[in-house]
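The values are calculated or read from the model by the stated rules, or taken from the named source; none is laboratory data. Computed from a prediction, not measured in an experiment: that's the story for all the values here. So basically every Cβ, Gly included, is an ideal-geometry build from the backbone, and we count neighbours across all protein chains shown. With ligands, DNA and RNA removed, areas are computed over all heavy atoms of the protein, side chains included. Shrake-Rupley method; radii C 1.70, N 1.55, O 1.52, S 1.80 Å.
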Amino acid sequence: MADLQVQGVVNWSIPVNNLDEWEKFYGEILGLEPKGRLGGSKMSCFKSGSHNILLCEREQPVDKTAGVDQRVHHSFTVSPATFVEACKVFHQKGIPIVELHYRAKGYFTGRELYFHDPSGNRLELRDPTWKQGMPEPSFEEIVRS
């Protein structure tokens, strides 16, 4: 039995180098719902489904590649159509793809598209409808479809 019982999550915070750049990336490219900045602070809230994501501008920007743990990431669920559209939009806008992975086993199965935001944080778009035995097109094949 736990000492305390947490009832839920208020928000997830992601550190960013440039809040203006991030707001455009999350709002205009990923399509998250902007909820606004928190007072006069350097924090901006976005909503994805029932989740609040708080973008927090760092006091001192950090090098995007310095000490990045490649396993730490934030994952967003998308529909199959949005997954394909994301591949095409990322290709068109020159957003580099880290990895396209088809995960057949484990807790979070599906197809996963990994990329970095403008501050170097690793993100994932996940289509949970993909199942083992379904086609596994490459990123380039998806872009051409």
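Points to keep in mind about this one:
- Once exposed loop chymotrypsin sites (Phe, Trp or Tyr not before Pro) are cut out (DSSP; at most 11 other Cβ, 10 Å), longest piece of the chain: 1-106
- Low-density loop positions, GluC sites (Glu not before Pro), the stretch 47-145 - DSSP coil, at most 12 other Cβ in 10 Å: Glu59
- Placing a label point 7 Å from the Cα of Ile97 along the Cα-to-Cβ direction, none of the residues of the stretch 24-43 has a backbone N under 11 Å of that point.
- In sequence order, calculated HN-Hα J values of the stretch 28-37 (Karplus, 6.51, -1.76, 1.60; Hz; x Gly/Pro): 7, 9, 7, x, 6, 7, x, 9, x, 7
- Area projected by the alpha carbon convex hull of the chain, averaged over all directions, nm²: 11.3 nm²
- Environment charge at Arg144 (Cβ cut-off 14 Å; Lys +1, Arg +1, Asp -1, Glu -1): -2
- Close Lys pairs in the chain (alpha-carbon distance under 22 Å; sequence gap of 8 or more, or different chains): 11.
- Cα→Cβ-extended label distance, 7 Å offset, between Ser13 and Arg37, nm: 1.8 nm
- In this structure, the amide hydrogen of Val78, modeled 1.01 Å from its nitrogen in the peptide plane, lies closer than 5 angstrom to those of Arg126, Asp127, counting only residues at least 5 positions away or on a different chain.
- Cut-off under 5 Å, modelled amide H: who pairs with Val16 long-range: Cys56, Glu57, Arg58
- Karplus 3J(HN,Hα) series, Hz, for the stretch 91-104 with 6.51 cos²θ - 1.76 cosθ + 1.60 (x for Gly, Pro): 4, 4, 8, x, 7, x, 9, 7, 6, 10, 10, 9, 9, 8
- Rounded to the nearest 10 square angstrom, Ser50 shows an accessible area of 90 square angstrom against a 1.4 Å probe.
- Of all DSSP beta bridges confined to the chain, the antiparallel ones make up roughly 70%.
- Dividing the mean sequence gap of close Cα pairs (under 8 Å, 6+ apart) by how many residues the stretch 1-66 holds gives a relative contact order of 37 percent.
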